[in-house]
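Remarks on the structure that follows.
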Amino acid sequence: MRPPELFAKCKAEEEMLFDQDLGEQKNKWIIDLTFGPLLPACSLKILRR
Amino acid sequence: MLASSSSEDIQAWASKYAFLLSSLRQARARDQDVVWLLLAKWLKQEKLFTPEEILPVGVLKRLTKNVRDRYRHLRPSQLLYANLVEVWLPYFEALFNEYRRSNNSRKKDTPAALQESGFDSHAVGIVTSIDRRRREPTSAAVEWASRRLDVDASAVSNAHSLVFGTRRRRR
């Protein structure tokens, strides 16, 4: 990707971030951390953390 | 969908399915919440349902408790600071790659060369003026984000370390 295109992509993501409610962002982040990818390498011990 | 899939795709699906079944069997013998956790992770990963859509409220609360407790002092604004750094990091990684290439080819005017390559002049200014010891993409993205937010760079840096860790992006 060329620099101006990459800049525009980051800028668009920034705008999306600013449009989100801060409390919602934290809730979404907690969900993403708790329910991360289900990888075959994960043991139940890791999933329980 | 399976009709158009390659044999590698089918093998990958089969192995994923076998792993899921085996994990669910183990989980069933141990703890019902782990069954919920596995199903929620799987359905989220497959982009079919969000955990909030399928989990009973009490289960969702129990499963997220550890993470909520661990980050209970994290302010939502700190999460915004950290995420903003992550949003801009790919841009500064690209800029640093070009910066190193320009330096290695011993071009006389690196900032001008970077701008000619299409990089933003303010971003180039940050990269070329940043302290040599801190000269890496994350520091530059922190500086950039702090200017966008009009907050102190140390507050942005602390938030980013807290959320994403200090070592994750080191390459």
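The values are calculated or read from the model by the stated rules, or taken from the named source; none is laboratory data. For clarity, every value in this text was computed on a predicted model and none was experimentally measured. Because the Cβ atoms are built from the backbone with ideal geometry, glycine has one as well, and the counts that use them run over all protein chains shown.
Regarding B:Ser161, is this residue of a type in the set (Ser, Thr, Tyr) and either in contact (Cβ under 8 Å) with a residue 40 or more places away in the chain or more than 12 Å from B:Tyr99 (Cα to Cα) (or both)? Yes; evaluated as a whole, the condition is true for this residue. Name the residues in region B:53-65 that are more than 7 Å from chain A (Cβ to nearest Cβ) and part of a helix (DSSP H, G or I), would you? Answer for region B:53-65, where residues must be more than 7 Å from chain A (Cβ to nearest Cβ) and part of a helix (DSSP H, G or I): B:Glu53, B:Ile54, B:Val57, B:Gly58, B:Val59, B:Leu60, B:Lys61, B:Arg62, B:Lys65.
Among the residues examined, A:Glu24 does not qualify as of a type outside the set (S, T, N, Q) and modelled with pLDDT of 95 or more. When region B:72-100 is limited to residues that are more than 11 Å from the chain's Cα centre (by Cα) and of a type in the set (S, T, N, Q), the one that is surrounded by the fewest Cβ atoms within 10 Å (Cβ to Cβ) turns out to be B:Asn97. The set of residues from region B:101-143 being under 22 Å from the mean Cα position of the chain (by Cα) and buried (at least 19 other Cβ atoms within 10 Å of the Cβ) comprises B:Ala123, B:Val127, B:Pro137, B:Thr138, B:Ser139, B:Ala140, B:Ala141, B:Val142, B:Glu143.
Here is a yes/no grid of residues against (1) loosely packed, with under 15 Cβ neighbours inside 10 Å; (2) under 30 Å from B:Phe164 (Cα atoms):
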| site | (1), (2) |
| --- | --- |
| B:Ser5 | yes, no |
| B:Asp9 | yes, no |
| B:Ala18 | yes, no |
| B:Ser22 | yes, no |
| B:Gln32 | yes, no |
| B:Leu37 | no, yes |
| B:Glu46 | yes, yes |
| B:Leu60 | no, yes |
